[in-house]
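We did not get these values from a lab; they are worked out from the coordinates using the rules stated. On a predicted model such as this, the values are computed, not experimentally measured, just so you know. Cβ sites come from the backbone with ideal geometry, for glycine too, and all protein chains shown count toward neighbours.
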Amino acid sequence: MSKYVYIFDSKLYAYNEIQRGSPLSSIFNTMAKDLFRSHKKGKIYVTFDIGKSSYRLAEESYYKGDRRKSLAKKSQEEIDQHTQFNLDYEKLVPLFRMLGVTVLAVKGVEADDLVSLVALRHPDSEVTIMTADRDHLHSVVGTDNVFMFSGRENKTFNHDYVVEEYGTATRKQFTLLKAIQGDDGDTLKAFRNIGPVKARKLFNTIIEKYPEPSIEDIVNEIEQYMEKNTRIAIHEYHIEEGRTTVREVIESNFKVGATFEDLTKLTNSQIAEYNDCFLHPINTDYQAFLDKSMEVFGYPIMLDGTAKRVFNVR
C-alpha cells in the first residue's frame, strides 16, 4: 500500500480552465504535467464526474435544479458550448487510463462520492484530495490522514480546519450543518430566514445537547427553534415538492447532502463499473498513447518531460 495517495478532481480543474479559454487538449496536457510534476511519489487517482448522481435524482427530483434553470436562461450558443464541453471532457477518460493512474469514472456517480469512497480505502495512507471544491471537506472531517489541497489558494485543509471553520467534528455533523443551512450549489434548500449565522447557532445548540443526534433529536430542536422564531419557515422549494414537515426536510437534505461511505447506494451495474476502475492495466506503449490522442484531439500531445517520466522514452 502506498504511503501517499493523491485524488485529483478533474472536472473542476477542466471547467475552470475552459472558462479561461483553454482548449481541452491544453487542459489535459497541463493536468498531466501537474500530476506527475508534484505527485510522483504516491498512488494517483483521477476522478471524473460523468453525469449527475442517479441516486440523488431518484431520491430528490429538485437536486441541482437551479443549475438546470440557469442553463435554461443561456443562449443556444452557450448551451451548445456546455454540451460540447461535457462530450469532450468524457473523452479524457481513456487517455488518463493510459498514464498509469487509476481513473475513477462511473456514470451517475459524482466525483464527490468517488473521492469519498477511495479515501476510505486508504486508512493507513496520507491521502490528499486535489481540488478547490470545499464540498470535499466532507471526506476530510473526522480523519487524521485525509487532507484537501487547493491549488487556487495554495493551501492545505485538514480536520482541525474544518472544526475551527465550521464547528463540525464528524461527517454526520458536517452533513447536519449543510442540511440546516442549505447549499446553493446543489440546490439544497432548507428553511426561509435561516442564513449561515442562524444555522450555525441552531447547529451548535443541537450538538451541545446531542454530539451524535438522531433524526428525532434534530427535528425536535428545530421545531422548538421555529416556535420561538416565528419568521422561520420551511423553504417554498420543499413545499412545492410536497415536503411540509421539518422531518421531511431534514431527511431529504441528509440524503442529498451526505457523501457515500460504502457501495450500498450504487446500482449493481455501477458497482461493477466502480470495481472495474481498479483493474485497468498500466499502459507502457507510448505509441498507443499518441494514437489515442490523435483520435481524440486530431494531433499527438504530451511530447515533453511528462511523457518521458510516464513512458520512459527519450
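Values for this structure:
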read-out: Sparse-neighbour loop sites [chymotrypsin sites (Phe, Trp or Tyr not before Pro); the stretch 209-314; at most 13 other C-beta within 10 Å; DSSP]; value: 278
read-out: Those trypsin sites (Lys or Arg not before Pro) in the stretch 173-244 that DSSP places in a loop and that have at most 12 other beta carbons within 10 Å; value: 231
read-out: Pairwise FRET efficiency - residue 208 versus residue 267, Cβ, R0 = 51 Å, nearest 0.05; value: 0.80
read-out: Charge dipole of the chain about the Cα centre (unit charges at C-beta), most positive-ward option of 147, 31, 272; value: 31
read-out: Rounded Å value of the spacing that divides the Cα centres of the stretch 205-274 and the stretch 80-114; value: 30
read-out: Extension gain (nm, one decimal) between residue 20 and residue 164, 0.36 nm per residue minus Cα-Cα; value: 48.5 nm
read-out: Neighbour-count order for 115, 219, 5, fewest beta carbons within 10 angstrom listed first; value: 219, 5, 115
read-out: Relative contact order (%) - criterion: Cα under 8 Å, at least six apart; region: the stretch 171-257; value: 39
read-out: Contour minus Cα-Cα distance for residue 150 and residue 2 (0.36 nm per residue); value: 51.1 nm
read-out: Theoretical gain in end-to-end length, residue 57 to residue 291 [0.36 nm per residue, Cα-Cα removed]; value: 80.5 nm
read-out: Total lysine pairs whose alpha carbons fall under 23 Å of each other in the stretch 171-257 (8 or more apart, or interchain); value: 22
read-out: Amide H within-cut-off set for residue 130, under 5 Å, with H built and near neighbours excluded; value: 7, 8, 9, 149
read-out: Separation of the residue 30 and residue 227 label points, Cα + 7 Å toward Cβ, nm; value: 5.6
read-out: Among 269, 252, 139, residue whose mean-square fluctuation peaks in a GNM of the chain (springs only between Cα atoms under 10 Å); value: 269
read-out: Cα-centre dipole for the chain with unit charges at Cβ (Lys and Arg positive, Asp and Glu negative), debye to 20; value: 760
read-out: In Hz, Karplus ³J(HN,Hα) per residue of the stretch 213-227 (6.51, -1.76, 1.60; θ = phi - 60°; x = Gly, Pro); value: x, 7, 4, 4, 4, 4, 4, 4, 5, 5, 4, 5, 5, 5, 5
